[in-house]
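Read the figures in this text as sums done on the coordinates, not as results from a lab. A quick note: this is a predicted structure, and the numbers were derived from the prediction, not measured. Every residue, glycine among them, receives a Cβ derived from its backbone with ideal geometry; neighbour counts consider all protein chains shown.
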DNA sequence: AACTAAATGCAATAATGTTGCAATTAGCTC
DNA sequence: GAGCTAATTGCAACATTATTGCATTTAGTT
């Protein structure tokens, strides 16, 4: 929810400005990663204008407050959908429709840390993204294949 | 080794050109991710000149042949250090000295796939990078802390 | 309503990527 | 080793993305 993010801003002493609300709403509605310029374009379609510098700065802020994440594989930003930081946030990205889903998995974190420790590395954070098909696109794929082999 | 990559190029019917050799050598020597322009700068320091477009194209080729990987957290390219593709290649990145280490872990792949499958996702590939300290930097860190508390 | 620090807009610039086409070259054949 | 040709590179122009300093505006307060 947008409201939650607004409360975080207030709690941390940041102003709740119109541009910040607008970016929050855009991110909240979009179910895919957006670049700063994506956001600018989407806003323009609604007749709203934000300088791209402003958007960069807002995204930096959101990122630093963990209100948004930067997807590595696409480079775009997504609104964090998890209540609080319970460790490393992971993503699944559907390479067909672009849908994303955020999740945490403490077990995986442990395993990853163990695995890298064995190689002499002291891990502090994991970046993890899985690429594949969401259930919708997977079903469609199966149907298409099914029709192709009568 | 550079030689291995050259053999892959030949085996796939690609020409072994001077620019390709030069980029291979730069990547091989660098123990950190390099952007196309990084590579151009490094070559220039050796009195060699490559058009940046050429470097982009060479990196695209190397990437498509799995001779190089693109690190997501930094955006730079690194030469693949593993013999062949035995699944998803993972990276540890030292955020202090920039050193990287590549590894595979089939067990982790399995766990990740299972984890995402439980969420209705059909994973085909994992992007995984761990950020932390390499053993060298970790030791230095400990020493510094040790000195600070007499 | 007035005040002030924080935030935004603006302008200029830097850095990074991309495209089409002409010139060059690696690897082949003779 | 000379000549051939498709593959590769260089060039030029352009598009996109990102950064900086400073003037202007605004949210939250008094």
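In table form, for the structure just shown:
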{"item": "Residue B:64-residue B:49 pseudo-label distance in nm [points 7 Å out on the Cα-to-Cβ vector]", "result": "2.8 nm"}
{"item": "Relative contact order of chain B, pairs being alpha-carbon contacts under 8 Å that are 6 or more residues apart, as %", "result": "18 percent"}
{"item": "Least to most buried among B:84, A:131 (fewest other Cβ within 10 Å first)", "result": "B:84, A:131"}
{"item": "Shortest-first distances to equivalent copies, position residue A:37, nm, label 7 Å out along Cβ", "result": "1.5"}
{"item": "Helical mean residue ellipticity (222 nm; -39500 (n - 2.57) per DSSP H run of 4+; nearest 500) of chain A", "result": "-14500 deg cm²/dmol"}
{"item": "Label spacing, shortest first and in nm, from residue B:12 to its equivalents in the remaining copies (7 angstrom along Cα→Cβ)", "result": "4.2"}
{"item": "Beta bridges by DSSP in the stretch B:1-149, antiparallel share as percent, to the nearest 5", "result": "65 percent"}
{"item": "Normalised contact order of the stretch B:1-81, rounded percent, pairs of Cα under 8 Å and 6 or more residues apart", "result": "28 percent"}
{"item": "Inter-part distance where the stretch A:67-146 and the stretch B:61-116 are each reduced to a Cα centre, Å", "result": "15 Å"}
{"item": "Tensor-based shape of the protein assembly as shown (alpha-carbon gyration tensor, a/c under 1.5 rounded, otherwise prolate or oblate)", "result": "rounded"}
{"item": "Spin-label pair residue A:57/residue B:6, simplified geometry with 7 Å Cα→Cβ offset, distance in nm", "result": "5.3 nm"}
{"item": "Most fluctuating residue given options A:45, A:101, A:22, as computed from a GNM of chain A linking Cα atoms under 10 Å", "result": "A:45"}
